Amino acid sequence: METRNANGKFGFKVYGGGGFGRNPALGFLLIPFIPPSRLARAARAMVELFSEHGDRTNRAAARVRYIAARLGKAGFKKLYLDYYRKLEKREFPPVPTFPSDWNAKTAVSFVLPEHTVPEDAGYKRWLRLATRKTRFKGESSVRLFIPKGILNVAGFRRLASLLERFGIPAVRLTIEQNILIPAFPEETLPALYEALKDLPEDLVFSTFRGQLDTCIGAAVCRIGILDTPRYAAEVSGALDDYFRKHPARFTAARANTIVESLHFSGCPNSCTSHQAARFGFQGFRKKIGETLVDGFTVWHNPSEKPIGKEDPEFIPAAELPARVLSLLEEAKIL
Ligand code: SF4
C-alpha cells in the first residue's frame, strides 16, 4: 500500500496473510516502509514463501492466508522477513520511471476537423462520465472504459495508435481495469471523443454492457460454478433499460456508483473481490424441488469494511436483474 515515510519519501507498506475466497481473512502489516526499488523483492519473498510452505496436497487450501492461519501472525511475519532478508543481494529489474517528455500540453499532432463539437447527447454524457478537471487550467483527465477490462492485441494496437496521434506519451492502468489519460487539453476533447467512438470497442461507456465487474465465469474457468458474464450482461441490459426510461436520472455520479457497487463472481473464490463490494454477487447452484437452479447470494458492505457480510437469501439467476434494481433502489443509489 502506497505511503510516505517520516522524511516524506514515497514508498509502500507491505501487507500479507489475507485474501478473499472461502474463509476470507484480513492481511496484516509485515513491513512498515519499503522504497519502490524493493517492491519486486518484497513480492518475490512472498512467492518463495508460498512456494515452500503452501499446501500442495489440498488445492482448496493452497492460499497464503492458510499459512498465516497455521503459523499465527507473529510466526508468519517472522517467516516472511526471513525470505525478504535472504533476497538482499538478489538483483531485480529497476523500477521504470515516468517518461521525461510527459507533458499534457504536448501539441495535438494532427489537423482537427472544422466542426469538432459533437451534437449527440452521448458526447455530453461521456464528458460527465469520463472526464475530470485537473488542477491545471484547461486540462482534464480522461477515463477510457475497457469493456470487461479486456483489450486484445489488435485493440491495444488501435488504441496505442490513436493515443500516438493525439501526442499522448503515457497512460495509467486503473484498478478497475480501465485506462486513464492523466491530463488532456480540454479544447481537444471533442476530437478525442469522435476518435474513440470510431473504435470497434466501446471505450466511451455508451452502455452498461461490459462495464460491470465480472469474473471470467465457468464457461472458461474450470473451477467456477456459474457463467457470470452472461448474468452480468442481463443486469447491464436492465440498467440500460432503466436509464432509457428515466434519462434524467443518468448522472456521472450515479453511473460510477453503480459500476463500483456491483461485483459478480462465479463461485466463492471471489476473483472480482465481491466479498468487499457494496453488493457482491456470488454464484452457486441450489436444488429447488428436482431442479438444480443457477443463482446468487449477495455480500453486503455498506460501510466499506475490508470484508462484507453474506446474506443467505438465494436469488435465482432469472430474477437477478430485477433484484439488482430493487437493491439499488433500497440503497437509494437509483
Ligand atoms: S470467481 Fe470462481 S468462477 Fe469466477 S474466475 Fe474466479 S474461480 Fe472462476
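The values are calculated or read from the model by the stated rules, or taken from the named source; none is laboratory data. Every value quoted in this text rests on a predicted model; they were computed, and no experiment measured them. Glycine gets a Cβ as well: all are built from the backbone with ideal geometry, and neighbour counts include every protein chain shown.
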Q: Within segment 214-268, track down each residue that is within 16 Å of the ligand (Cβ to nearest atom), exposed (fewer than 15 other Cβ atoms within 10 Å of the Cβ) and small (Gly, Ala, Ser).
A: Ala219
Q. Assuming Pro190 fulfils every condition listed in (1) closer than 29 Å to Leu325 by Cβ; (2) more than 16 Å from the ligand (Cβ to nearest atom); (3) touching a residue at least 12 places away in the same chain (Cβ under 8 Å); (4) in a helix (DSSP H, G or I) apart from one, which condition is it?
A. (1)
Q: Scan segment 180-190 and give yes if some residue there is surrounded by fewer than 18 Cβ atoms within 10 Å (Cβ to Cβ) and within 24 Å of Glu329 (Cα to Cα), otherwise no.
A: no
Q. Would it be correct to say that Arg90 is more than 27 Å from the chain's Cα centre (by Cα), modelled with pLDDT of 75 or more and part of a helix (DSSP H, G or I)?
A. no
Q: Would you be able to tell me the number of residues in segment 150-168 that are within 21 Å of Leu212 (Cβ to Cβ) and surrounded by fewer than 18 Cβ atoms within 10 Å (Cβ to Cβ)?
A: 3
Q) Can you name the residue in segment 45-81 that is surrounded by fewer than 16 Cβ atoms within 10 Å (Cβ to Cβ) and in contact (Cβ under 8 Å) with a residue 40 or more places away in the chain and, of all such residues, is farthest from Asn7 (Cα to Cα)? A) Ala69
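Okay, residues lined up against (1) surrounded by fewer than 22 Cβ atoms within 10 Å (Cβ to Cβ); (2) within 10 Å of the ligand (Cβ to nearest atom); (3) of a type in the set (Ser, Thr, Tyr):
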| position | (1), (2), (3) |
| --- | --- |
| Ser270 | no, yes, yes |
| Ala276 | yes, no, no |
| Phe279 | no, no, no |
| Gly283 | no, yes, no |
| Gly289 | yes, no, no |
| Asn301 | yes, no, no |
Q. How many of the residues making up segment 128-146 are surrounded by fewer than 17 Cβ atoms within 10 Å (Cβ to Cβ) and in contact (Cβ under 8 Å) with a residue 60 or more places away in the chain?
A. 1
Q: Within segment 205-254, track down each residue that is in contact with a helix residue (DSSP H, G or I) (Cβ under 6 Å, 6 or more places away or on another chain), aliphatic (A, V, I, L, M) and at pLDDT below 95.
A: Leu212, Ala252
Q: Would you mention how many residues in segment 200-213 are aliphatic (A, V, I, L, M), free of Cβ contacts under 8 Å to residues at least 60 places away in the same chain and either more than 16 Å from the ligand (Cβ to nearest atom) or surrounded by fewer than 19 Cβ atoms within 10 Å (Cβ to Cβ) (or both)?
A: 1
